[in-house]
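These notes concern the structure reproduced below.
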Amino acid sequence: MNKKNILKNLALLTVGALIIPAYAAAEIKMGIILGFTGPIESLTPDMGNAAELAFKEASDSGQLLGGQKISVVRADSTCIDAAAATAAAERLITSDKVVAIMGADCSGVTTAIANNVAIPNGVTMISPSATSPALSTIADNGYFFRTAPSDARQGQVLAEITMERGISEVAVTFTNNDYGKGLSDSFVSAYKGLGGKVSAIVPHDEGKADYSAEVGALDASGAEVLAVFGYVDQGGRHIIQGSLDSGAFDKFILADGMFGESLLKNVDGDLSGTFGTVPGTDSKGADKFAVLAKAAGIKVGGPFTGEAYDAAALLVLAMQSGGSTDRAALASNVLAVANTPGEKIMPGELGKALRILASGGAVDYVGATNVELVGGGEAAGSYKEFEIKGKAFTTVRFH
């Protein structure tokens, strides 16, 4: 070999030495898009942190695709601004080049992101909290999943609870979007089917300075109990406050969008006797997640935190099952890792699951919320019935 060839080979080896460590250190970018501002902004920090807890667990295990690490990129869905949410998701996918997305949160922006950005680009989304029944039939080409159950079920459960409590007449207000309308329709239909009377249905918009007109219309119905299907940090909370201030209502029925500590903190008045539902389970997985969440500074029992952890976990396991960061391969493996057959996997066991998958085995991810994806890929779902006593949410039972 002449001197020129020796120098050429040395140069190639040097370049290779530079390339190999860079490749080994490459990070997998995963997106988290939630409403960090807007009508549920008090809920999303713990949801985002729960998802990152699962991503970190997978990274720290050293088992993900031969030891690769996850780098999280966050974006703000705003919860209610579809254009802003779509633009934020577009940046995640085209600029940040994320492999998949944990999110979005509210049903309207989730639908917009899925239809306008994620599905056309072949990027998997797993939402921890988008509950509109309309999402059950979205033309997703196998790229949209959710770990929160459809409001078609929540409306039925809540109607049954309301009748069991001896309430035979209610007024209803809902946030005027996909989430509110879908939940209201589900509840009203189920409640009437059980013999209940709905004396008024009044939609409300988010971000208004004054809700006295809506409260007045609801009060005129003559009902003594008001079902509020809105958001805890904006319209729903202000309607409750206006109702208490005017004496229109002092007892309320709530759903998942109204469940949060900021309601108790920011409403001036006694909410004792108010009740409602939020996705939840008293399973072994829920107990294990509670331990992990507490250690990470995440509020135990907070809304949609278990669902967020599970959504992130499913993305990681599907990626490992597909053997690469290829977006299409990830999508095609979500249902396989979420359902039977396979070894059952609990929160805190992602490293174990990754090892099983790497060796060609199968896993059945149970997670924090008893994950079982049905239909096109949504949670069958369980619900926690809660009641407010004093200044605290108390658990009544699980459904």
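Values computed for the structure shown
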| read-out | value |
| --- | --- |
| Test: residue in region 76-90 that is in contact with a strand residue (DSSP E or B) (Cβ under 7 Å, 6 or more places away or on another chain) and in contact (Cβ under 8 Å) with a residue 60 or more places away in the chain | no |
| From V188, V215, residue being closer than 14 Å to V170 by Cβ, without any contact (Cβ under 8 Å) to a residue 40 or more places away in the chain and assigned to a helix (DSSP H, G or I) | V188 |
| Test result for A152, more than 14 Å from I101 (Cα to Cα) and small (G, A, S) | yes |
| Residue check, I93 surrounded by fewer than 24 Cβ atoms within 10 Å (Cβ to Cβ), of a type in the set (A, V, I, L, M, F, W, C), touching a residue at least 12 places away in the same chain (Cβ under 8 Å) and under 21 Å from A318 (Cα atoms) | yes |
| Residue tally, condition buried (at least 20 other Cβ atoms within 10 Å of the Cβ) and of a type in the set (V, I, T), over region 315-333 | 1 |
| Residue ranges of strands (runs of 3 or more DSSP E) in region 281-399 with at least 1 members touching a residue at least 60 places away in the same chain (Cβ under 8 Å) and within 17 Å of the chain's Cα centre (by Cα) | 383-389 |
| Residue check for G390: under 23 Å from T277 (Cβ atoms) and in contact with a Ser or Thr (Cβ under 7 Å, 6 or more places away or on another chain) | yes |
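Each row is one residue, and each column tells you yes or no for (1) assigned to a loop (DSSP other than H, G, I, E, B); (2) modelled with pLDDT under 95; (3) surrounded by fewer than 22 Cβ atoms within 10 Å (Cβ to Cβ).
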site	(1), (2), (3)
L10	no, yes, yes
I19	no, yes, yes
A22	no, yes, yes
K29	no, no, yes
F36	yes, no, yes
A54	no, no, no
E57	no, no, no
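The values are calculated or read from the model by the stated rules, or taken from the named source; none is laboratory data. The structure displayed is predicted, hence computed values, not measured ones. Backbone-built Cβ (ideal geometry, glycine too); neighbour counts: all protein chains shown.
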